[in-house]
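Here the structure comes first, spelled out in structure tokens, and everything after it is commentary.
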Amino acid sequence: MRQTNRPDARPRASHFIDGVYVEDDAGETIDVIYPATGEVIATVHAATQAVIDRAFESARAAQAAWAATPPRERGRVLTRAAQILRERNREMSILETMDTGKPLQETLVADATSGADALEYFGGIAAGLTGEHIPLGEDWAYTIREPLGVCVGIGAWNYPTQIACWKAAPALACGNAMVFKPSETTPLCTLKVAEILIEAGLPAGLFNVVQGAGAVGGALTTDPRADKVSLTGSVPTGRKVYSAAAESMKHVTMELGGKSPMLVFDDADLEDAVGGAILGNFYSSGQICTNGTRVFVQKGLRARFVERMAERMRDAVIGDPLDEATNFGPLVSARQMEIVERYLKIAEDEGARRVVGGERLDRPGYWLTPALFDGVTDDMTMAREEIFGPVLSVLEFDDEDEGIARANATEFGLSAGVFTRDIGRAHRVIGRLRAGTCFINSYNDAPVEMPFGGVKMSGIGRENAKAAIEHYSQVKSVYVRMGRVEAPF
Ligand code: NAD
């Protein structure tokens, strides 16, 4: 295992527009804090209206020529960007760790690599994006798949590189331009993605990055020069962005929060189920939208599950995220730590039993140990609201119907998982769970080949796979009459 020294994370300037770094000191100052120590490691400025104008103008100007570029050439640029991203994986992963605090052990395999997968996948299918021929007897029709225009991307702070690539890759493959705003908490990685795209041959203006918090996101969402908004964020923000976008009938993709269930049946492989629940609750310090934070364990297995989970949680290596032996890092910010601590207190006040964890570590930075709660009931706050931190709730259930009904009793519908050795039950249960992204005997896998997204309050639209193409392009229908026009008069 290696220990990496902390490099200088300061970007050349705050924004990246039309192929170059751009600064405007008039924008509000945003400190970038390394979550492992609480130190300020960089400073950026929020975009002013002048910066936003420049981003949209350059995107608009570049988009028409890009849409007219042969799709295989568009694809080639994305494929090259994927290669560069892979070659720089270590450098990008270190930056991702400094932006988010996630351990390097994770970022080396889950961030730039996942971004590269998206660039490679959409680079590969760009040339195959076509319309249809529709026979109508003598007449016929055809469809043309057209880009939407300029798409706005707004990111959350948990996966800055991945989110930027998951949005940019399909958008660019379809012939769109993108103006992207990373989260104000993690502004660094997306600038590097923009640099790499230019280096790979992407014409200037097609992927512009502007910094800022909600006000800048709001300005991007309502701008008449935007044709689509794709947000990754919380449900309250999703509500605001979706309704603001509706004013001008913009296309939307909403990747929002969750309170996803995991159903562990008596016949499950205990080690796999515990491992799945660890991945689904503690990876990225629990700050993952799809996390299976309501772990319903069938009565016969519950006690053993809790015991084994507590044992394995004691093996978590909590420490310097840049040490590759570390597998559990800090929370992203002081604010996030306070939110999680508040939920921990409510959990105990409401009678949940804390088995292990949930302690603040006495060191600079935002450190909480992973927490396991038993005896959680459906009405408790911790079983109803998204905590977005390392807090696992165990709820007991008796039979399949009851488990499914309780799992579905939530406003969210992002993910769901089932652990069982009974193949019939696995598919039957998944068929009845109301969630967009599901797992059987696994949890939190997100390969680019598989559509990703939620139902109910967890979102609308899909990222990844061929499904994403539907959300970054629109179909023009053309009716072709082969005979004479017969008019009534
Ligand atoms: P957030 O909703 O606070 O912010 C998300 C983004 O929206 C940020 O860039 C923020 O600046 C911007 N924003 C805030 N107010 C806005 C407004 N009024 N108009 C436009 N933009 C605005 O979320 P967060 O705290 O950054 O991230 C955590 C949340 O994201 C969790 O709820 C998590 O579940 C969700 N998330 C979802 C997915 C997914 O794919 N479904 C992935 C990661 C995170």
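Miscellaneous remarks
- Residue within the range 139-160 that is outside any helix (DSSP H, G or I), acidic (Asp, Glu) and within 14 Å of the ligand (Cβ to nearest atom) present: no
- Set side by side, the residues Ala226, Ala164 differ, and just one is within 15 Å of the ligand (Cβ to nearest atom), at pLDDT 95 or above and assigned to a loop (DSSP other than H, G, I, E, B), which is Ala226.
- Residues of the range 269-295 satisfying the condition of being within 16 Å of the ligand (Cβ to nearest atom) and either assigned by the TED database to the domain that holds Pro35 or of a type in the set (A, V, I, L, M) (or both): Leu279, Ile288
- With respect to (1) touching an Asp or Glu at 6+ places or on another chain (Cβ under 9 Å); (2) more than 13 Å from the ligand (Cβ to nearest atom); (3) part of a loop (DSSP other than H, G, I, E, B), the lone exception for Ala169 is condition (3).
- Failed item, numbered, when Val20 is tested on (1) in the same structural domain as Ala116 (by the TED database); (2) within 24 Å of the chain's Cα centre (by Cα); (3) closer than 26 Å to Gly212 by Cβ: (2)
Every residue, every condition in (1) within 8 Å of the ligand (Cβ to nearest atom); (2) closer than 20 Å to Asn464 by Cβ, yes or no:
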{"position": "Phe207", "(1), (2)": "no, yes"}
{"position": "Val216", "(1), (2)": "yes, no"}
{"position": "Gly233", "(1), (2)": "yes, yes"}
{"position": "Pro236", "(1), (2)": "yes, no"}
{"position": "Val241", "(1), (2)": "yes, no"}
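- Ile198 vs. criteria part of a helix (DSSP H, G or I) and over 30 Å from Gln287 (Cα atoms): yes
- You will find that of Arg406, Arg434, the residue that is surrounded by 15 or more Cβ atoms within 10 Å (Cβ to Cβ), without any contact (Cβ under 8 Å) to a residue 40 or more places away in the chain and of a type in the set (Lys, Arg) is Arg434 and no other.
- Taking the criterion of being in contact with a strand residue (DSSP E or B) (Cβ under 6 Å, 6 or more places away or on another chain), without any contact (Cβ under 8 Å) to a residue 60 or more places away in the chain and near the ligand (Cβ under 10 Å from one of its atoms), the only residue of the range 243-258 that qualifies is Ala245.
- Residue that is surrounded by the fewest Cβ atoms within 10 Å (Cβ to Cβ) [pool: residues in the range 298-334 that are within 15 Å of Leu372 (Cβ to Cβ) and either in the same structural domain as Met98 (by the TED database) or of a type in the set (Lys, Arg) (or both)]: Arg314
- Residues in the range 53-70 that are surrounded by fewer than 19 Cβ atoms within 10 Å (Cβ to Cβ) and within 22 Å of Asn208 (Cβ to Cβ): Asp53, Glu57, Arg60, Ala61, Ala64, Ala65, Ala67, Ala68, Thr69.
- Scanning the range 172-186 for residues that are within 14 Å of the ligand (Cβ to nearest atom) and touching a Phe, Trp or Tyr at 6+ places or on another chain (Cβ under 9 Å) returns Val179, Phe180, Pro182, Ser183, Glu184, Thr185, Thr186.
- Of the residues in the range 133-156, at least one is farther than 14 Å from Thr79 by Cα, touching a Leu at 6+ places or on another chain (Cβ under 9 Å) and surrounded by fewer than 22 Cβ atoms within 10 Å (Cβ to Cβ).
- When the range 167-191 is filtered for residues that are over 22 Å from Gly218 (Cβ atoms) and surrounded by 24 or more Cβ atoms within 10 Å (Cβ to Cβ), the ones remaining, listed by number, are Ala169, Pro170, Leu172, Ala173, Cys174, Gly175, Cys189.
- Applying the set (1) touching a residue at least 60 places away in the same chain (Cβ under 8 Å); (2) crowded, with 16+ Cβ neighbours inside 10 Å to Thr48 leaves exactly one unmet item: (1).
- Of the candidates Gly276, Gly280, the single residue that is buried (at least 24 other Cβ atoms within 10 Å of the Cβ), of a type outside the set (A, V, I, L, M, F, W, C), in contact with a Phe, Trp or Tyr (Cβ under 9 Å, 6 or more places away or on another chain) and within 21 Å of Pro160 (Cα to Cα) is Gly280.
- Residue check, Glu195 touching a residue at least 40 places away in the same chain (Cβ under 8 Å), away from the ligand (no atom under 15 Å from the Cβ) and of a type in the set (Asp, Glu): yes
- If you go through the range 262-302 and pick out every residue that is among the hydrophobic types (A, V, I, L, M, F, W, C), farther than 20 Å from Asp378 by Cβ and more than 28 Å from the chain's Cα centre (by Cα), you end up with 2.
- Within the range 1-113, helices (runs of 4 or more DSSP H) holding 2 or more residues that are more than 19 Å from Ala204 (Cα to Cα) and among the acidic types (Asp, Glu): 89-100
- Considering the range 1-45, the residues that are of a type in the set (S, T, N, Q) and in contact (Cβ under 8 Å) with a residue 60 or more places away in the chain include one that is nearest to Lys181 (Cα to Cα), namely Ser14.
- Selection from the range 253-265 of residues that are in contact with a Gly (Cβ under 7 Å, 6 or more places away or on another chain) and among the hydrophobic types (A, V, I, L, M, F, W, C): Met254, Leu256, Met262, Leu263
The values are calculated or read from the model by the stated rules, or taken from the named source; none is laboratory data. All values reported here derive from a predicted model rather than from experimental measurement. Please note: Cβ atoms are built from the backbone with ideal geometry, for glycine as well, and neighbour counts cover all protein chains shown.
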